[in-house]
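I have placed the structure first, in the form of structure tokens, so that the comments after it can refer back to it.
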Amino acid sequence: MTLQSQVLRFYQYLQSEKQYSEHTLKSYQRDIGSFLNYCEQHSIKQFSALDSAHIRAFVASRHRQGLSGRSLQRLLSALRSLFNFLNKQRLLATNPAQGVRAPKVSRKLPELLTVDQLDQLLNIKEQDVLSIRDKAIMELMYGCGLRLTELVKLDLNKVDKKQQLLEVIGKGDKQRQLPYGGKALLALDAWFQVRAQIADSEEQAVFVSSRGGRLKQRSIQQRMKKWAITQQLDSDLYPHKLRHSFASHILESSGDLRAVQELLGHENLTTTQIYTHLDFQHLAKVYDDAHPRAKKK
């Protein structure tokens with residue numbers, strides 16, 4: 001069996017059984033494709049001929065080409081997943097990528113908006129259908145900590161108006177229920193009152209474009225950048241920044257890391273812990289600004 005045929009079987013597994021998104025699949029294909037090119041250049045015909053020295057040499061070559069530490073970590077993760085799959089399929093005896101490490105990278109803290117910045121952004125004077133829709137989108141993303149894909153996939157039958165709950169489809173097609181209320185409730189109700197003006201009669205998506213079909217991710221990103229300019233926001237705006245803001249503000253108010261993990265749909269608590277660093281950063285700034293012995297003369 002050729003390298004390409006084994007890799008193709010792995011891609012089919014990711015798509016059919018793991019149900020990875022198209023974006024995630026493309027990332028795997030890009031990383032593993034670069035490794036297949038490396039194997040071809042070094043006349044490696046079978047994965048069984050590989051050892052950890054080959055993997056380290058490949059990682060080093062990609063590092064010399066300018067690939068960042070974070071990208072190298074992702075690449076190694078893809079290779080480990082591939083070799084683990086082949087091992088379970090009895091096509092490979094060992095995992096040559098196991099134990100190979102990428103260069104360490106400092107963890108970048110996510111960007112977020114302050115409460116005042118959010119008030120400024122969402123103080124939209126709704127004058128037409130699209131502005132009503134956009135306000136509902138941003139209120140819901142911040143109010144529930146939604147991923148962009150979760151918002152785009154949200155259908156009408158997944159909104160429980162009586163219980164004020166959303167059922168969203170997260171990573172790996174995992175479903176979770178999220179409460180919504182307050183400003184998000186008002187904005188969503190306002191959108192539902194005018195949605196029929198532009199939505200196709202059979203369209204099930206909650207948020208639709210001016211043409212009547214399901215709104216695309218790219219369109220939401222562009223509209224949010226437009227609103228940041230319109231509302232004179234002194235910060236770049238992208239969908240995930242609202243999710244980061246939601247998580248940080250909830251954690252700052254409640255201190256309940258587990259609850260934030262559930263709301264965000266994180267599989268591992270370690271992913272959520274990045275927001276504790278943000279919370280500490282905020283406390284440190286308050287201390288530096290307020291404590292009389294912390295101020296430099």
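The values are calculated or read from the model by the stated rules, or taken from the named source; none is laboratory data. Quick caveat, the model's predicted, so the values are computed rather than measured. In this analysis, Cβ positions are derived from the backbone assuming ideal geometry, glycine residues included, and neighbour counts consider all displayed protein chains.
Structure notes:
- Only one entry in K241, K285 is at pLDDT 80 or above and assigned to a helix (DSSP H, G or I), namely K241.
- Against the list (1) free of Cβ contacts under 8 Å to residues at least 60 places away in the same chain; (2) of a type in the set (G, A, S); (3) surrounded by fewer than 16 Cβ atoms within 10 Å (Cβ to Cβ), the condition A205 fails is (3).
- Looking across the range 136-153, the residues that are in contact with a helix residue (DSSP H, G or I) (Cβ under 8 Å, 6 or more places away or on another chain) and free of Cβ contacts under 8 Å to residues at least 60 places away in the same chain come down to E139, L140.
- Counted as qualifying within the range 17-104 are the helices (runs of 4 or more DSSP H) with 3 or more residues that are within 21 Å of the chain's Cα centre (by Cα) and on the phi < 0 side of the Ramachandran plot, namely 22-41, 69-88.
- Residue count, the range 112-142 (criterion: surrounded by fewer than 15 Cβ atoms within 10 Å (Cβ to Cβ) and outside any helix (DSSP H, G or I)): 5
- Pairs with Cβ under 7 Å, 6+ apart, first in the range 165-184 and more than 16 Å from V152 (Cβ to Cβ) and among the hydrophobic types (A, V, I, L, M, F, W, C), second at pLDDT 90 or above and assigned to a helix (DSSP H, G or I): A184/E139; A184/L140; A184/G143; A184/C144
- Flag if V152 is closer than 20 Å to G213 by Cα, in a helix (DSSP H, G or I) and in the same structural domain as F207 (by TED's automatic domain parsing): yes
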